[in-house]
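Enquirer: I have a structure I would like to understand better, so I am pasting it below and will then ask my questions one at a time.
The values are calculated or read from the model by the stated rules, or taken from the named source; none is laboratory data. Just so it is clear, the model here is predicted, and its values are computed rather than measured. Reconstructed Cβ throughout: ideal geometry from the backbone, glycine too, with neighbour counts over all protein chains shown.
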Amino acid sequence: MNNYFERRYVVTGIFITLALVLLGRLFYIQIVDDRYSVFASKNVLRKTIIYPARGPILDRKGRILVQNEPVYDVTVIPKQVKPFDTLELCRLLGIDKAGFDKRFSKALKYSPYRESAFEKQISVRMYASLQERLYNFPGFSVQPRTVRTYPDSVAAQFLGYIGEASPEVIKRSNGYYSPGDYIGISGVERSYDSILRGQRGVRNLMVDSRNVPKGSFANGAYDTAAVAGERLISSLDIDIQKLGEKLMKNKVGSIVAIEPSSGEILAFVSSPTYDPNLMVGRERGNNVARMYKDPYNPFLVRPIQAYYPPGSSFKPLDALIALQEGIITPQTTYFCPHYYQAGNHRVGCEHFDGVTDLRKGIAQSCNTYFCNVFNQLMIRDGSRNVHRSFASWKENVNKFGFGVKLGLDLPHERRGFIPTVKFYDNRFKNRWGSSTIISLAIGQGEMLSTPLQMANVECTIANRGYYYIPHLIKAIGDKQVVKTEFTKKNYVGVNAEYFEPVIDGMQAVVDHGTAVESRIPGIIMCGKTGTAQNSHGKNHSIFVGFAPRDTPRIAIAVIVENGGYGASWAAPIASYMIEKYIRGYITKPKAQVEYIMNKNLLPPPPGWKPPVKKLSKRDSLKRDSLRKDSLKRLKSDTTKKQLELKSASRKNRKEPDSMNRFTVALINRKEDE
């Protein structure tokens with residue numbers, strides 16, 4: 001009897017223990033661990049993403065640069081697909097049977113029960129035809145989307161483009177992005193993606209165990225509406241942007257124009273460029289592949305990524321540093337004998353300038369003058385302390401924005417290159433001095449800068465000592481928000497009074513100096529031409545400047561690769577851009593402007609060789625016949641000449657020197673044949 005009661009308590013204890021374990025497990029599943037709730041909701045709920053319209057981008061006057069166009073994605077849930085006329089669907093979508101099978105296999109691999117994209121970005125017209133017959137294709141549906149469109153087809157490198165989020169981006173987004181989502185890939189579209197993309201909406205649908213929709217979940221209480229992206233007002237002026245792209249057609253280089261009083265970029269031309277509409281639509285992949293093969297690389301954003309020696313456009317900056325350091329005054333003169341002797345080598349000068357002061361040195365772009373200035377900067381603490389002087393000089397150059405990133409609101413800005421003491425120590429094994437690096441005095445040597453940096457220096461000179469960070473977006477949203485970092489003045493450490501003599505010289509460059517042909521009637525333009533040496537071909541044509549002199553409204557840098565002298569191409573292009581912005585029209589003869597526009601200065605692509613024309617068999621026989629006739633005539637003429645010379649030799653008992661020259665010429669001629 002006692003054994004019975006003991007067993008009863010044991011059995012009861014076991015059941016109670018099991019019950020407590022089950023209750024604890026249920027509590028953990030339902031309260032503590034939400035995984036099972038998520039799994040259950042996924043079996044019952046289907047979330048449909050509602051994509052918002054991406055924010056438009058306008059120019060500084062409110063004209064549209066980028067807007068949206070409706071398109072549609074065809075989606076499929078493989079498990080819901082039933083037998084249908086496959087060829088009819090292929091016809092409506094403009095694909096073949098192999099393309100259909102490839103797309104369906106991809107969707108099936110993603111998930112038999114989940115909706116995924118089958119065909120993307122079909123046009124409104126195609127959607128209209130498909131919508132009428134969509135009931136014939138069970139399992140297929142249409143998702144409305146928007147894509148970018150570019151009414152004026154300008155400023156491709158500035159605007160950038162959008163594309164599908166890569167697996168890496170999706171992983172980094174912590175669940176925000178999913179396959180098929182679009183994000184900004186380059187340009188402003190990337191820099192301001194979080195502002196332009198807006199907020200996606202969600203529609204929750206209930207489904208049964210067979211995945212058949214049963215209506216909205218909780219009467220739409222948990223649905224959210226899509227919120228369109230904010231608009232961006234850019235600093236670009238469409239009019240001069242279009243003009244700049246026309247002037248740079250069939251040329252390699254760039255134009256950067258900035259408003260000195262704000263740092264707003266007025267024109268951002270990278271050439272060669274491309275039509276941004278090519279980056280939208282179903283042919284985007286083919287267009288991208290074709291442009292990647294272009295030897296002139298239209299995807300390179302030259303204003304912020306291409307490196308050039310600034311050449312003579314660097315001379316005013318060097319003069320400002322020397323004035324601030326007390327090395328020279330505006331009246332300091334040096335004698336120019338057509339060259340500067342730097343140690344055991346000479347730096348040539350374009351002219352024999354004679355006695356030259358600062359204003360004349362800038363106006364005539366005298367290499368000798370600025371080599372003397374640079375040398376004095378380097379040896380100011382003695383010839384043994386050149387390294388320390390150079391480090392101080394580099395620091396001053398960096399303040400102007402050379403060799404550092406300016407902080408532009410575009411991705412992938414490059415910093416340029418100003419050599420360091422360590423760089424030269426490694427290169428010359430600590431044995432270098434002022435004469436070793438004298439080419440820096442005229443913006444050559446190892447110094448490299450971007451067109452944006454060159455234009456920014458002109459803003460600094462125009463402002464007499466400071467600049468604003470260059471930027472491409474003027475305001476954000478309806479509230480016209482401006483980033484605070486773009487409103488701060490950045491001083492370069494040169495007193496305002498030192499800028500006037502430099503500006504005098506830059507005005508003289510245009511009034512009667514190297515850029516005299518680019519004067520603008522009624523507008524005082526200050527500038528500096530530059531001819532940057534290029535080891536791979538003809539020199540680069542450079543012009544930098546600003547206008548008007550006393551109330552600057554625009555600063556500009558123009559680089560035309562392989563254009564030769566700065567006054568040849570860069571200076572006239574800059575003058576047209578400046579006058580167009582200030583006046584709204586160009587006073588120069590139309591034929592002169594069109595000549596610049598139509599001129600092809602594209603250098604031969606890398607590895608290019610002139611084609612060799614293959615001769616036909618008939619041409620080859622004709623060529624051989626001509627050679628034989630020519631050789632016969634040559635031999636006949638030679639025999640006659642020899643007889644005449646022998647006769648003369650008998651008379652004079654001496655063979656003339658002309659015989660030797662004639663014989664040598666004959667031998668060379670035969671070898672060439």
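Enquirer: Any idea how many residues of segment 347-366 are surrounded by fewer than 23 Cβ atoms within 10 Å (Cβ to Cβ), at pLDDT 90 or above and more than 37 Å from the chain's Cα centre (by Cα)?
Expert: So the answer is 3.
Enquirer: Still on this structure: Can you confirm whether segment 482-494 contains a residue that is buried (at least 23 other Cβ atoms within 10 Å of the Cβ) and not hydroxyl-bearing (Ser, Thr, Tyr)? Steps first, answer last, please.
Expert: Keep residues of segment 482-494 that are buried (at least 23 other Cβ atoms within 10 Å of the Cβ), which gives 494.
Next cut, not hydroxyl-bearing (Ser, Thr, Tyr) only: 494.
Looking through segment 482-494, at least one residue is buried (at least 23 other Cβ atoms within 10 Å of the Cβ) and not hydroxyl-bearing (Ser, Thr, Tyr).
Conditions (1) in contact with a helix residue (DSSP H, G or I) (Cβ under 7 Å, 6 or more places away or on another chain); (2) more than 25 Å from Asn297 (Cα to Cα); (3) surrounded by 15 or more Cβ atoms within 10 Å (Cβ to Cβ), marked per residue:
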site	(1), (2), (3)
Pro552	yes, yes, yes
Ile559	yes, no, yes
Tyr565	no, no, yes
Met577	yes, no, yes
Tyr581	yes, yes, yes
Gln592	no, yes, no
Ile596	yes, no, yes
Leu602	no, no, yes
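Enquirer: State yes or no: is Asp318 free of Cβ contacts under 8 Å to residues at least 40 places away in the same chain, among the acidic types (Asp, Glu) and either under 26 Å from Glu497 (Cβ atoms) or not assigned by TED's automatic domain parsing to the domain that holds Thr529 (or both)?
Expert: When the stated conditions are applied, Asp318 does not pass them.
Enquirer: Do the conditions hold for Tyr369, that is, is it among the hydroxyl-bearing types (Ser, Thr, Tyr) and surrounded by fewer than 16 Cβ atoms within 10 Å (Cβ to Cβ)? Break it down stepwise before answering.
Expert: Details: among the hydroxyl-bearing types (Ser, Thr, Tyr): yes; surrounded by fewer than 16 Cβ atoms within 10 Å (Cβ to Cβ): no.
So Tyr369 fails the test.
Enquirer: From the list Ser254, Ser271, Ser216, exactly one residue is farther than 22 Å from Lys61 by Cβ, free of Cβ contacts under 8 Å to residues at least 60 places away in the same chain, among the small types (Gly, Ala, Ser) and surrounded by 20 or more Cβ atoms within 10 Å (Cβ to Cβ). Which is it?
Expert: Testing whether each residue is farther than 22 Å from Lys61 by Cβ, free of Cβ contacts under 8 Å to residues at least 60 places away in the same chain, among the small types (Gly, Ala, Ser) and surrounded by 20 or more Cβ atoms within 10 Å (Cβ to Cβ) leaves just Ser271.
Enquirer: Taking segment 562-591 on its own, how many of its residues are under 15 Å from Thr531 (Cβ atoms), touching a residue at least 60 places away in the same chain (Cβ under 8 Å) and of a type outside the set (A, V, I, L, M, F, W, C)?
Expert: Number of matching residues: 3.
Enquirer: Could I ask something else about it? Only residues that are in a helix (DSSP H, G or I), among the hydrophobic types (A, V, I, L, M, F, W, C) and closer than 15 Å to Ile321 by Cβ: list them for segment 363-382, please.
Expert: Within segment 363-382, Phe370, Cys371, Val373, Phe374, Leu377, Met378 meet the criteria.
Enquirer: Name every residue in segment 86-106 that is more than 16 Å from Asp73 (Cβ to Cβ) and either charged (D, E, K, R) or exposed (fewer than 12 other Cβ atoms within 10 Å of the Cβ) (or both), in order of residue number.
Expert: Scanning segment 86-106 gives Leu87, Glu88, Arg91, Asp96, Lys97, Ala98, Asp101, Lys102, Ser105.
Enquirer: Given the conditions (1) touching a residue at least 40 places away in the same chain (Cβ under 8 Å); (2) of a type outside the set (Val, Ile, Thr); (3) more than 22 Å from Thr48 (Cβ to Cβ); (4) surrounded by 15 or more Cβ atoms within 10 Å (Cβ to Cβ), and given that Gln121 satisfies all but one, which numbered condition is not satisfied?
Expert: Result: Gln121 passes all but (3).
Enquirer: Next question, about the same structure. Kindly indicate whether any position in segment 48-67 is charged (D, E, K, R), modelled with pLDDT of 90 or more and either outside the structural domain of Arg148 (by TED's automatic domain parsing) or closer than 22 Å to Arg282 by Cα (or both).
Expert: As a first pass, look at segment 48-67 and keep what is charged (D, E, K, R): 54, 59-61, 63.
Filter once more, keeping what is modelled with pLDDT of 90 or more: 54, 59-61, 63.
From what's left, either outside the structural domain of Arg148 (by TED's automatic domain parsing) or closer than 22 Å to Arg282 by Cα (or both): 54.
Yes, some residue in segment 48-67 is charged (D, E, K, R), modelled with pLDDT of 90 or more and either outside the structural domain of Arg148 (by TED's automatic domain parsing) or closer than 22 Å to Arg282 by Cα (or both).
Enquirer: Let me ask something else about it. In the set Ile162, Ile170, which member is buried (at least 16 other Cβ atoms within 10 Å of the Cβ) and touching a strand residue (DSSP E or B) at 6+ places or on another chain (Cβ under 6 Å)?
Expert: Criteria check complete, one pass: Ile162.
Enquirer: Could you list, in sequence order, all residues of segment 507-524 that are aliphatic (A, V, I, L, M) and touching an Asp or Glu at 6+ places or on another chain (Cβ under 9 Å)?
Expert: Ile520, Ile523, Ile524
Enquirer: Let me ask something additional. Tally up the residues in segment 278-309 that are among the polar types (S, T, N, Q) and either under 20 Å from Asn562 (Cα atoms) or crowded, with 19+ Cβ neighbours inside 10 Å (or both), please.
Expert: Step one: filter segment 278-309 for residues among the polar types (S, T, N, Q), giving 286-287, 297, 305.
Now restrict to residues that are either under 20 Å from Asn562 (Cα atoms) or crowded, with 19+ Cβ neighbours inside 10 Å (or both): 297, 305.
Residues flagged as among the polar types (S, T, N, Q) and either under 20 Å from Asn562 (Cα atoms) or crowded, with 19+ Cβ neighbours inside 10 Å (or both) within segment 278-309 amount to 2.
Enquirer: Within segment 383-405, track down each residue that is touching a Ser or Thr at 6+ places or on another chain (Cβ under 9 Å) and assigned to a loop (DSSP other than H, G, I, E, B).
Expert: The answer is Phe400, Gly401, Phe402, Gly403.
Enquirer: Still on this structure, please answer the following. Kindly evaluate Thr529 against the criterion of being assigned by TED's automatic domain parsing to the domain that holds Tyr467, touching a Lys or Arg at 6+ places or on another chain (Cβ under 9 Å) and of a type in the set (S, T, N, Q).
Expert: On the way: assigned by TED's automatic domain parsing to the domain that holds Tyr467: yes; touching a Lys or Arg at 6+ places or on another chain (Cβ under 9 Å): no; of a type in the set (S, T, N, Q): yes.
No, not satisfied.
Enquirer: Please give the number of the condition Ser535 fails out of (1) under 30 Å from the mean Cα position of the chain (by Cα); (2) crowded, with 24+ Cβ neighbours inside 10 Å.
Expert: (2)
Enquirer: Counting residues that are modelled with pLDDT under 95, which helices (runs of 4 or more DSSP H) fully inside segment 198-310 reach at least 1?
Expert: In segment 198-310, 284-292 are the helices (runs of 4 or more DSSP H) which contain 1 or more residues that are modelled with pLDDT under 95.
Enquirer: While we're on this one: Since Pro144 meets every condition but one in (1) in contact (Cβ under 8 Å) with a residue 24 or more places away in the chain; (2) surrounded by 13 or more Cβ atoms within 10 Å (Cβ to Cβ), which condition does it not meet?
Expert: So the condition that Pro144 fails would be (2).
Enquirer: Here's a follow-up. Between a residue in segment 428-439 that is assigned by TED's automatic domain parsing to the domain that holds Gln341 and modelled with pLDDT of 90 or more and any residue that is assigned to a helix (DSSP H, G or I) and among the aromatic types (Phe, Trp, Tyr), which pairs come within a Cβ distance under 6 Å, given they are 6 or more apart or on different chains?
Expert: Pairs found: Trp432/Tyr424.
Enquirer: So which residues in segment 423-470 are within 22 Å of the chain's Cα centre (by Cα), assigned to a strand (DSSP E or B) and crowded, with 24+ Cβ neighbours inside 10 Å, if there are any at all?
Expert: The one that is within 22 Å of the chain's Cα centre (by Cα), assigned to a strand (DSSP E or B) and crowded, with 24+ Cβ neighbours inside 10 Å: Ser449.
Enquirer: Quick one: which of Gly382, Gly401 is surrounded by fewer than 21 Cβ atoms within 10 Å (Cβ to Cβ) and at positive phi?
Expert: Gly382
Enquirer: Which of the residues belonging to segment 551-573 are more than 25 Å from Pro260 (Cα to Cα) and within 21 Å of the chain's Cα centre (by Cα)?
Expert: Answer for segment 551-573, where residues must be more than 25 Å from Pro260 (Cα to Cα) and within 21 Å of the chain's Cα centre (by Cα): Glu561, Asn562, Gly563.
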